[in-house]
């Protein structure tokens with residue numbers, strides 16, 4: 001069973017996310033390495049929001065490979081270098097997640113694996129066995 005909760009004695013989430021998700025029972029777990037905003041040919045958009053979109057697409061592809069989808073995500077950690085337009089960022093995240101509210105963390109960092117990378121996303125997903 002997978003259950004999302006926002007405890008009454010903790011502040012309301014500041015964005016579309018859940019404070020906690022509990023997974024129990026007969027569940028398959030999927031942990032992804034940090035996904036970058038890079039396409040299959042190794043191209044990296046200069047714009048950080050475009051990198052965010054590409055990182056999400058890479059997460060979607062990984063989920064499909066494991067017979068999962070966005071609704072199976074339980075945790076996302078965003079690593080962001082430099083400035084990123086907050087409104088555009090929220091729009092892209094909202095488009096990717098829809099009504100699904102996984103747990104999230106956003107960290108602004110000095111750098112990633114190379115100077116061209118502005119976004120990296122760690123993702124965890126789980127799915128009940130059927």
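A short reminder: the numbers here are calculations on the coordinates, not readings from a lab. These numbers come from a predicted model, not from an experiment. Neighbour counts are summed over all protein chains in view; Cβ atoms, including those assigned to glycine, are modelled from backbone coordinates with ideal geometry.
Between the helical axis of 86-97 and the dominant principal axis of the chain, each derived from Cα atoms, what acute angle in degrees is found, rounded to the nearest 10?
With rounding to tens, the tilt is 50 degrees.
Using helices alone, I'd like the mean residue ellipticity at 222 nm for the chain: each DSSP H run of four-plus residues gives -39500 (n - 2.57), total over residue count, nearest 500.
Taken over the chain, the calculation gives -7500 deg cm²/dmol.
I need the per residue convex hull volume for the chain, using only the alpha carbons, in cubic angstrom as a whole number.
In the chain, the Cα convex hull volume per residue is 109 Å³.
Can you put 121, 61 in order of Cβ neighbours within 10 angstrom, beginning with the fewest?
If I rank by nearby Cβ atoms, fewest first, I get 61, 121.
Measure nothing fancy, just the Cα-based angle from helix 48-65's long axis to the longest principal axis of the chain, in degrees from 0 to 90, nearest 10.
Result, in degrees: 50.
Over the chain, what is the relative contact order in percent, taking alpha-carbon pairs closer than 8 angstrom and at least six residues apart?
So the answer I get is 36 percent.
How long are the three semi-axes of the equivalent ellipsoid for the range 37-103, computed from the Cα gyration tensor as the root of 5 times each eigenvalue, in whole Å, largest first?
Value: 20, 16, 9 Å, ordered largest first.
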